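Below is one structure, written out as structure tokens; comments come after it.
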Amino acid sequence: NFEALLLAAGKLADKGVGTRIAERLFDASEEVKAWSLGQTLVTAATHGWLSQLELVLRRSATCVDWQDSKGRTALMAACEERQREAIIVLLNHGARCLADDSGCTPLMASSRRNHCAAVAALLGADAPVLRLSGELSALQLCCQLGRPEILEMLLKHVRREEARGRVL
């Protein structure tokens, strides 16, 4: 199966060889479905396989916000696994901070994992801080979790945006 071959290529110690194998897989498979690309993107983001992530995004930029059966995007997967570089790549390719089916957003996932670098990147991409997702906002979740450093980052962001006249 396509995904298993791509995953095996990503696990190779020689990343250059892994990338060349992945490129050949894409070239050999003209009719790779959106599901395969989306699932591959989520898997690459989960593991922080940047070359595979870039390759999938170059082949199909439209899959950047693809959601699996639970509503998880590649950005969400990268946030859950603390894959800072993957988060930045995805944001640079226009990934949006979409909530999964449980109402969790990438900002919430990064706050749960106490990943300040990811929170900073997400705030730089205007991740929603006050918007309710499910029953909580990212700010409320952070208060519940007792994450003072992240809470301070969120509050500074809210104050900065309010000073600009933006409604969050």
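Answer with yes or no whether GLU54 is more than 25 Å from VAL42 (Cα to Cα) and out of contact with any His (no Cβ under 8 Å at 6 or more places or on another chain).
no
With respect to SER110, determine if the residue is open to solvent by less than 90 Å² (accessible area, probe 1.4 Å), at pLDDT 95 or above and on the phi < 0 side of the Ramachandran plot.
The answer is yes for SER110.
I'm trying to understand the selection: among the residues of the stretch 31-49, which are assigned to a helix (DSSP H, G or I), modelled with pLDDT under 95, among the hydrophobic types (A, V, I, L, M, F, W, C) and crowded, with 18+ Cβ neighbours inside 10 Å?
LEU37, LEU41, VAL42, ALA44
In this structure, is ALA28 at pLDDT below 95, out of contact with any helix residue (DSSP H, G or I) (no Cβ under 6 Å at 6 or more places or on another chain) and aliphatic (A, V, I, L, M)?
Yes.
Could you give me the residue pairs with C-beta distances under 6 Å whose first residue belongs to the stretch 72-85 and is among the β-branched types (Val, Ile, Thr), whose second residue is in a helix (DSSP H, G or I) wherever it lies, and which are 6+ apart or on separate chains?
THR73/ASP65
Scan the stretch 65-99 for residues that are buried (at least 24 other Cβ atoms within 10 Å of the Cβ) and part of a helix (DSSP H, G or I) and jot them down.
ALA74, LEU75, MET76, ALA77, ALA78, CYS79, ALA86, ILE87, LEU90
Just give me the residues in the stretch 116-159 being open to solvent by 100 Å² or more (accessible area, probe 1.4 Å), at pLDDT below 90 and either touching a helix residue (DSSP H, G or I) at 6+ places or on another chain (Cβ under 9 Å) or of a type in the set (Val, Ile, Thr) (or both), in sequence order.
Hits for the stretch 116-159 are ARG131, LEU132.
The values are calculated or read from the model by the stated rules, or taken from the named source; none is laboratory data. Keep in mind that what you see is a predicted model, and the values were worked out from it rather than measured. Please note: Cβ atoms are built from the backbone with ideal geometry, for glycine as well, and neighbour counts cover all protein chains shown. Surface areas here come from the heavy atoms of the whole protein model, side chains and all, with no ligands, DNA or RNA. Shrake-Rupley method; radii C 1.70, N 1.55, O 1.52, S 1.80 Å.
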